[in-house]
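Below is one structure; the comments refer to it alone.
The values are calculated or read from the model by the stated rules, or taken from the named source; none is laboratory data. These numbers come from a predicted model, not from an experiment. Methodologically, a virtual Cβ is constructed for each residue, glycine included, from the backbone with ideal geometry; neighbour enumeration extends over all protein chains shown. Heavy atoms of the whole protein, side chains included, go into the accessibility calculation; ligands, DNA and RNA do not. Shrake-Rupley method; radii C 1.70, N 1.55, O 1.52, S 1.80 Å.
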Amino acid sequence: MQPIFEATGISKSYGHILGCSNINLSLYSGEVMGIVGESGSGKSTLLNCLSAQIMPDQGEVIFRSPSRGEVDILKLSEAEQRYLARTEWAYVHQNPRDGLRMSVSAGGNVGERLMNIGNRHYGNIRTKAEDWMSRVELDTSRIDHRPSTFSGGMQQRLQIARNLVTEPRLIFMDEPTGGLDVSVQARLLDLLRSLVQELSLSVIIVTHDLAVIRMLADRMVVMKNGNVVEAGLADQVLDDPQHPYTQLLVSSILQV
Amino acid sequence: MSNDYNFAYLDEQTKRMIRRGLLKSIAIPGYQVPFASREMPMPYGWGTGGVQVTSACLVPEDKIKVIDQGADDTTNAVSIRQFFEKTAKVETTTHTEKASLIQTRHRIPEHDLDENQILVYQVPIPEPLRFLEPRESETRKMHALTEYGLMHVKLYEDIAHHGHIATSYAYPVKVEGRYVMDPSPIPKFDNPKMSMCPALQLFGAGREQRLYAIPPYCEVISLDFEDHPFTRLKANAECELCSANNSYLDEVIIDDEGNRMFVCSDTHYCEARQADGHRGKRNRLDQEGYDATHI
Ligand SMILES: Nc1ncnc2c1ncn2[C@@H]1O[C@H](COP(=O)(O)OP(=O)(O)O)[C@@H](O)[C@H]1O
Ligand SMILES: [Mg+2]
């Protein structure tokens with residue numbers, strides 16, 4: 001079996017500041033890849049390069065699309081990248097405000113991707129929006145409410161519904177539980193885990209929280225100063241870290 | 001003093017610049033072309049975009065008509081008409097069929113337009129996507145890549161909150177299957193008149209510095225949903241002065257008691273029908289107490 005997603009030699013600098021350097025990473029269908037590291041280690045830079053939100057200085061990203069076969073992501077036109085981004089891909093932001101339209105109702109938020117790909121039947125769009133709201137455990141009677149009236153955890157679940165409604169193959173997530181209270185985080189993680197299993201989603205998730213990795217990830221990479229210092233099966237890395245930096249990360253969480 | 005004005009006020013170089021923009025807008029129906037809008041001797045909101053387009057299009061043989069909400073006699077329409085009488089010394093008219101150029105705010109005349117006419121719209125906000133996406137860089141990209149799902153999100157919101165598409169002015173359209181365009185705040189009743197229209201339709205937004213166009217005989221489709229199709233929306237009434245039942249009606253207050261009546265918003269159309277002997281219920285010879293041939 002070939003990976004659904006393969007990145008090789010990804011490097012990105014901001015002037016003389018290193019973002020990330022020569023990163024290789026691959027993902028199989030139905031697999032969750034965690035990217036961990038402390039703040040400033042280059043996780044978001046890498047994720048944004050992988051998802052073609054920014055152009056790396058070097059490297060190649062291959063996606064094996066169910067509909068189009070093998071595509072060289074960074075060589076696509078912007079129009080093709082944006083089309084892919086709202087059909088077969090999804091991107092969940094840490095701050096739901098970055099991933100939602102705050103002035104549009106919950107139903108409109110979930111329906112937008114459907115309308116983007118040409119769905120023109122109001123009743124069908126609404127039915128799907130309700131369906132996805134209940135799948136992320138949101139009260140469907142709030143379908144016409146604006147996300148600004150939702151709690152942080154509800155907003156994040158709405159953002160996930162909005163992204164999954166077109167049944168994308170590959171989901172990028174940047175610290176999706178980042179801004180939430182611990183109990184809310186736990187509920188969101190439960191939800192993410194069941195969605196990943198149910199829909200056999202392929203996910204690349206960035207986090208500084210090893211508990212998130214423990215719960216969701218099959219494999220992981222550890223980043224430090226823009227480089228990957230350790231990579232492997234998530235359980236193995238967490239139980240038996242080899243690199244001193246990973247050992248430090250793991251021991252610091254165990255102390256909590 | 002008025003001899004000191006260049007023909008139609010703007011200098012020749014500015015008019016050439018605007019004409020180049022207009023030619024580009026005609027070449028790409030519905031596409032917003034930026035232009036360097038000039039200060040005009042009237043405030044923004046008074047149709048400075050339309051006035052600049054008219055100025056760039058006028059020739060001495062033109063006969064122009066100016067309407068505001070369908071009426072030839074409002075302050076705004078009168079002052080723009082006088083402006084061109086003074087600066088271009090062109091003839092003016094209130095007759096739709098006699099005008100070679102019609103500048104309008106918020107209406108399309110009821111009388112069919114023909115191939116020898118230009119209709120110039122005054123536009124306050126040219127960007128139809130602005131409502132949900134304030135970033136200009138993003139809306140430009142959406143137009144370039146034909147990403148118009150957001151326009152339907154706006155209509156979705158209408159139905160979710162009102163049970164039907166409540167947008168009744170500035171109702172978004174798609175021109176020639178490509179660009180989504182704001183038709184300016186005309187009532188959606190007028191939208192179908194834009195499609196396959198023999199006249200050249202030009203749009204000018206002064207403050208926002210944009211020009212766009214619908215060339216003659218272009219297809220203009222009002223956006224909608226399969227299960228909530230576009231409807232024209234018209235008061236279920238006929239004009240009480242001329243009995244027209246297929247024109248756009250305004251509901252106006254006619255006395256101190258707050259009594260109301262429906263009349264054509266297109267004053268010239270209404271007067272022409274009355275001159276042809278059409279009479280509405282407020283205006284029949286047997287009806288006393290009203291002399292409402294003109295309000
Ligand atoms: N837009 C940017 N301009 C300049 N430097 C940036 C930019 N984005 C990130 N950086 C720098 O790149 C490095 C990696 O940042 P980032 O990818 O955001 O790390 P993380 O997500 O792991 O916190 C940091 O030194 C950061 O300051
Ligand atoms: Mg980050």
Report B:LEU200's accessible area, 1.4 Å probe, all protein chains in place, as a number in Å² to the nearest 10. 30
Leaving out same-chain residues fewer than 8 places away, which lysines sit with a Cα under 17 Å from that of A:LYS12? A:LYS43, A:LYS75, A:LYS224
Please name the residues of the stretch A:87-117 whose accessible area, counted over protein heavy atoms with a 1.4 angstrom probe, falls by no less than 40 Å² between the chain alone and the full protein assembly. A:ARG101, A:VAL104, A:MET115
Counting only DSSP loop positions in the stretch B:164-233, the GluC sites (Glu not before Pro) whose Cβ has at most 12 other Cβ atoms within 10 Å are B:GLU226
Which of the listed residues, A:GLY111, A:GLY30, A:GLY9, is farthest toward the dipole's positive end in the stretch A:1-115, when Lys, Arg count +1 and Asp, Glu count -1 at the beta-carbon? A:GLY111
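With a 1.4 Å probe and all protein chains kept in place, how do A:MET1, B:MET142 rank by accessible area, largest first?
Largest accessible area first, the residues go A:MET1, B:MET142.
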Test assert for the stretch B:150-187: residues whose accessible surface shrinks by at least 10 Å² between chain alone and all chains, 1.4 Å probe, equal B:LEU150, B:HIS152, B:VAL153, B:TYR156, B:GLU157, B:ILE159, B:ALA160, B:HIS161
Using a probe radius of 1.4 Å on heavy atoms only, what accessible surface per residue do you get for the stretch B:226-265? Whole Å² is fine. 58
Filtered hits (aspartates and glutamates, Cα-Cα < 14 Å from B:LYS141, offset >= 8 within chain) -> A:GLU78, A:GLU80, B:GLU127, B:GLU133
Within the accessible area of the stretch A:94-147, what % is carbon and sulfur when the probe is 1.4 Å and the other protein chains stay in place? 39
Specify whether the C-alpha gyration tensor of chain B places it in the rounded, prolate or oblate class, a ≥ b ≥ c being the square roots of the eigenvalues: rounded for a/c under 1.5, otherwise prolate if a/b is larger than b/c and oblate if not. oblate
Checking a compactness column here: for the stretch A:28-158, what do you get for Rg(Cα) / (2.2 N^0.38 Å), N being the number of residues? 1.20
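Just the Kirkwood number for the stretch B:139-295, please: inverse of mean 1/r across all distinct Cα pairs, in Å, one decimal.
When all Cα pairs of the stretch B:139-295 are included, the Kirkwood radius is 18.1 Å.
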Summarise the long-distance tail of P(r) for the stretch B:139-230 by giving the % of C-alpha pairs beyond 21 Å. 33
Given charges at beta-carbon only (K, R positive; D, E negative), |dipole| of the stretch A:1-118 in Debye: 320
With every protein chain in place, what's the accessible area of B:LYS98 (1.4 Å probe, Å², nearest 10)? 110
How large is the helix-only mean residue ellipticity at 222 nm for chain A, computed as the sum of -39500 (n - 2.57) over DSSP H runs with n ≥ 4, divided by its residue count, in deg cm²/dmol to the nearest 500? -11500 deg cm²/dmol
If I model a spin label at A:SER39 and A:THR8 as a point 7 Å from the Cα along the Cα→Cβ vector, what separation in nanometres do I get? 3.7
Distance (nanometres) between label positions extended 7 Å along Cα→Cβ at A:ALA211 and A:GLN236: 2.7
Using a 1.4 Å probe, what is the accessible area per residue for the stretch A:1-153, in Å²? 43
With a/c under 1.5 counting as rounded, go ahead and sort the stretch A:146-199 into rounded, prolate or oblate using the C-alpha gyration tensor (a ≥ b ≥ c being the square roots of the eigenvalues; past the cut-off, prolate if a/b is larger than b/c, else oblate). oblate
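With all pairs of different alpha carbon atoms counted, what Kirkwood hydrodynamic radius in Å does the stretch B:13-135 show? Walk me through the intermediate numbers first.
Numbers: mean 1/r = 0.0660 Å⁻¹.
For the stretch B:13-135, the Kirkwood estimate is 15.2 Å.
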Of the beta bridges DSSP finds with both residues in the protein assembly as shown, what % are antiparallel, to the nearest 5? 55
Largest first, how would B:VAL252, A:VAL110 line up by accessible area (1.4 Å probe)? B:VAL252, A:VAL110
Lysine pairs meeting the criterion (Cα under 18 Å, 8 or more apart or interchain), as found in the stretch B:145-295: 6
Taking every residue of A:70-82, the Cβ atoms of other protein chains inside 10 Å of its Cβ average out to 1
Roughly how many Å is it from the Cα centre of the stretch B:91-165 to that of the stretch A:93-167, as a whole number? 29
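May I ask what percent, to the nearest 5, of DSSP beta bridges between residues of the stretch B:96-193 are antiparallel?
50
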So what J values fall out for the stretch A:34-51 if you push phi through Karplus, 6.51 cos²θ - 1.76 cosθ + 1.60 with θ = phi - 60°, rounded to Hz, Gly and Pro as x? x, 10, 10, x, 6, 4, x, 7, x, 4, 5, 4, 4, 4, 5, 5, 5, 9
Treating only the Cβ of Lys, Arg, Asp and Glu as charged (+1, +1, -1, -1), what charge dipole size does chain B show about its Cα centre? Round to the nearest 20 debye. 1020
Ignoring everything except DSSP H segments at least 4 long, calculate the 222 nm mean residue ellipticity for chain B; use -39,500 (n - 2.57) per segment, divide by total residues, nearest 500. -8000 deg cm²/dmol
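Under the rule a/c < 1.5 gives rounded, and otherwise a/b versus b/c splits prolate from oblate, where does the protein assembly as shown land using the Cα gyration tensor?
Note, shape of the protein assembly as shown comes out prolate.
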Placing one equal point scatterer on each C-alpha of chain A and summing with Debye, one gets log10 I(q)/I(0) at q = 0.12, 0.14, 0.16 Å⁻¹ equal to -0.71, -0.96, -1.23
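What does the convex hull of the alpha-carbon atoms of the stretch A:87-186 project to on average, in nm²?
Details: hull surface 23.6 nm².
Directional mean of the projected Cα hull area for the stretch A:87-186 stands at 5.9 nm².
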